[in-house]
Each structure stands twice: as C-alpha cells, then as structure tokens.
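Below is one structure, written out as structure tokens; the observations come after it.
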Amino acid sequence: MIKNILNILLLFLFLIFDTPAFPIDSSQKTIEKYSLKISSKFANTYCNSIKFGISKDGALRFSIGETNKEFSNSKLNKFIDYELLNKNILLSLKNNCKIFDFPEYELDKLAFKN
C-alpha cells in the first residue's frame, strides 16, 4: 500500500517538474526572418525619427540604440550575417522611406552582444 502511494507520488512529481528542453531553432529561414525583423525595426525607427524632425545624426544614433536595446539579448545574434543585415536595412530604407543616400558605414555601429 505504501509502495503504491510512493509510486503515485513520484509519478506525480515527475509529471509536474518535467520541463522539456527545446533546441534553439537556428535554421536558415529563421535567421533570415530575424534579420528582416531587425532591418524593418531599424528602418521604421529611423524614418519616424526623421519625420518627427530629428536631425539625421540624431535619428541614426536613436535608431541604433533602440535596435540594439530590443535585439541584444536574442540567442540568434551569433548567427547574423552583418553584411546581409546592412543590405537589408539599406533596401528597407529605400523602399519604405525613400532614403537613397544613407551612409552604409554608419551601420557598423549596429552590433549585438552574443
């Protein structure tokens, strides 16, 4: 009797405290979606800052700071191809904001902690 109660109790504890461990999904598709999300966030922040009347340098610093703050803790950061990310940001700026003269070298400041 006591053995059955102990078995039920152990089974109950294993069911409650059993937390599955899921591997990080680092497929190429996930990384591309993540990169597009970052570039879209940066472009939208930069465009909105310019529209509010902030100078280009101020908008750039604000956009870099906001983007770094939002995405700095992701585990996917170590898989980012920064060259591709920079191209996506420039393309997003051209398509969404009609900004064609954005200095690409300024995007070097956009780096995330790993």
Practice task
Would you work out what percent of the accessible area of the chain, with all protein chains in place, is carbon or sulfur (probe 1.4 Å)?
Solution key: 60
Problem - Debye, to nearest 20: dipole size of segment 51-110, +1 on Lys, Arg Cβ, -1 on Asp, Glu Cβ - result: 200
Exercise for the section: Could you order C97, C47 so the one with the most accessible surface comes first? Probe is 1.4 Å. Expected result: C97, C47
Exercise for the section: Would you kindly find the accessible area of K29, with a 1.4 Å probe and non-protein molecules such as ligands, DNA and RNA excluded, rounding to the nearest 10 Å²? Expected result: 150
Completion exercise
the chain: relative contact order from alpha carbon pairs under 8 Å, six or more residues apart, as a whole percent, is 30
Exercise for the section: Would you be so kind as to identify which of F52, T67, N4 lies farthest towards the positive end of the dipole of the chain, taking Lys and Arg as +1 and Asp and Glu as -1 on Cβ and the Cα centre as origin? Expected result: N4
Exercise for the section: Could you tell me which of the pairs K51/K75; K51/K87; K29/K51; K29/K56; K56/K94 are separated by over 26 angstrom between their Cα atoms in the structure shown? Expected result: K51/K75; K29/K51; K29/K56
Practice task
State which stretch of the chain is the longest one without any exposed chymotrypsin sites (Phe, Trp or Tyr not before Pro), exposure meaning a DSSP loop state and at most 11 other Cβ atoms within 10 Å.
Solution key: 53-99
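The values are calculated or read from the model by the stated rules, or taken from the named source; none is laboratory data. Fair warning: this is a prediction, and the values are worked out from it, not measured in the lab. Positions of Cβ are backbone-derived with ideal geometry, glycine not excepted, and every protein chain shown enters the neighbour counts. Quick note on the areas: whole protein, heavy atoms, side chains included, nothing else; ligands and nucleic acids left out. Shrake-Rupley method; radii C 1.70, N 1.55, O 1.52, S 1.80 Å.
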